[in-house]
Amino acid sequence: MTNSTNWITVCQESDLVANSGVCALINEQQIALFKVKNAGQEQLFAISNWDPIGEANVLYRGLLCSVGDTVAVASPLYKQRFCLSSGTCLDSDDVTIKVYPIRLENQAVQLQVSQ
């Protein structure tokens, strides 16, 4: 990977578990990947695995939830909910996590990650 305009293949779609998270180590950063199935639709999300409140890499183990139309993950430590599309903490306005661009290309899950 040379710059932020490049997409890198992280895994195959079949490596992801529906409505659950997995963790990938990319450039020494832990990234939580989620494949969310809802009403017949699938969405992919990639966020930092670092829980800034619990101060641990645990978000891939969190519980998926929804708040209105917002899909979120609840940290397994203190249960703060983070929006999977924006990274905002739904329970604390001053806390956010990093969100990564993600796509599916010929069954390959790809991320756009800066060095």
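Going residue by residue through the range 94-102, is there one that turns out to be surrounded by fewer than 19 Cβ atoms within 10 Å (Cβ to Cβ), within 13 Å of the chain's Cα centre (by Cα) and of a type in the set (D, E, K, R)? Yes, that holds for at least one residue.
The residue list S85, S75, S114 contains one member that is over 10 Å from the mean Cα position of the chain (by Cα), surrounded by fewer than 18 Cβ atoms within 10 Å (Cβ to Cβ) and polar (S, T, N, Q), which is S114.
Taken over the range 27-56, the criterion of being in a strand (DSSP E or B) and surrounded by fewer than 17 Cβ atoms within 10 Å (Cβ to Cβ) is satisfied by Q29, Q30, K37, N38, Q41, E42, Q43, A56.
If the condition is being polar (S, T, N, Q) and out of contact with any Phe, Trp or Tyr (no Cβ under 8 Å at 6 or more places or on another chain), then the range 20-35 contributes N27, Q29. If the condition is being over 18 Å from K37 (Cα atoms) and in contact with a Leu (Cβ under 8 Å, 6 or more places away or on another chain), then the range 59-109 contributes S75, P76, Q80, R81, I97, V99, Y100, P101.
We did not get these values from a lab; they are worked out from the coordinates using the rules stated. Quick caveat: nothing in here was measured; it's all calculated off a predicted structure. Reconstructed Cβ throughout: ideal geometry from the backbone, glycine too, with neighbour counts over all protein chains shown.
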